[in-house]
Every structure is written in C-alpha cells, then in structure tokens.
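Participant: Dropping a structure here in structure tokens format, bear with me for questions.
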Amino acid sequence: MRTVEIHDARKHLSRLVQEAADGDPFVITRDGRPLVEVVSISTPGPATARRTGFMVGEIAVPPDFDRMGSTEIEALFDADP
C-alpha cells in the first residue's frame with residue numbers, strides 16, 4: 001500500500017481522498033511512521049437496498065386495475081379521424 005507523508009497529504013488532500021474513494025487506499029505517515037490508513041467507505045448500492053413493499057398497506061389497488069379505462073381506450077382506436 002502506498003504511503004504519503006503528512007505534509008504532502010495536507011497539500012494534496014482533495015486529490016488523495018478522491019483516489020481513496022475510487023479504490024486506491026493509502027497510509028499517512030509522519031517521519032516514516034504510519035499514522036492512519038485512508039480507505040473508501042462501502043455504502044450499499046441499489047442492488048442491496050430493500051425497496052420492494054415499502055408502502056405495504058398505504059396504497060390500495062383495485063382488482064380491475066388492469067382493465068380500468070379499457071372502454072375509453074378502445075373507443076380511441078375505433079374513432080374515425
């Protein structure tokens with residue numbers, strides 16, 4: 001793992017943090033001794049977030065939902081221009 005002296009880390013903090021967030025961790029050192037390791041924090045993406053069923057009991061779907069407005073829609077197709 002790459003090391004960065006604390007003085008250089010101060011000067012280039014924004015770039016170093018972005019690189020760590022992009023998957024390139026590093027260690028900040030002082031006088032050659034490691035102080036901290038900077039790594040990206042893993043956050044759950046859309047694949048791990050649970051969204052299905054989040055409004056259970058909040059919305060009622062009528063049993064004829066798939067047929068609602070079918071008469072009006074058929075009339076639009078049968079109408080003469």
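The values are calculated or read from the model by the stated rules, or taken from the named source; none is laboratory data. Only a predicted model underlies this, so the values are computations on that prediction, with no experimental measurement involved. Glycine gets a Cβ as well: all are built from the backbone with ideal geometry, and neighbour counts include every protein chain shown. Note: areas computed on protein heavy atoms with side chains; ligands, DNA, RNA excluded. Shrake-Rupley method; radii C 1.70, N 1.55, O 1.52, S 1.80 Å.
Participant: With Rg and the Kirkwood Rh both taken from Cα atoms, where does Rg over Rh land for the chain?
Facilitator: Looking at the chain, the ratio lands at 1.56.
Participant: If amide H atoms are built 1.01 Å from N in the plane of the peptide, which residues on other chains or at least 5 residues away come under 5 Å of the amide H of GLU5?
Facilitator: It is THR29, by chain and number.
Participant: Could I ask something else about it? In whole Hz, with x marking every Gly and Pro, tabulate ³J(HN,Hα) for the range 20-26 from phi via Karplus 6.51 cos²θ - 1.76 cosθ + 1.60, θ = phi - 60°.
Facilitator: Whole-Hz 3J(HN,Hα) from phi for the range 20-26: 5, 5, 7, x, 10, x, 8.
Participant: Would you mind working out the accessible area per residue for the chain, using a 1.4 Å probe, and quoting it in Å²?
Facilitator: Spelled out: the 1.4 Å probe surface of the chain, per residue, equals 90 Å².
Participant: Taking 7 Å along the Cα-to-C-beta vector as the label spot, tell me the ASP66-ASP8 distance in nanometres, rounded to one decimal.
Facilitator: 6.4 nm
Participant: Something else about it: Would you mind telling me the share, in percent, of accessible area of the chain contributed by carbon and sulfur at probe 1.4 angstrom?
Facilitator: Carbon and sulfur: 57 percent of the exposed surface of the chain.
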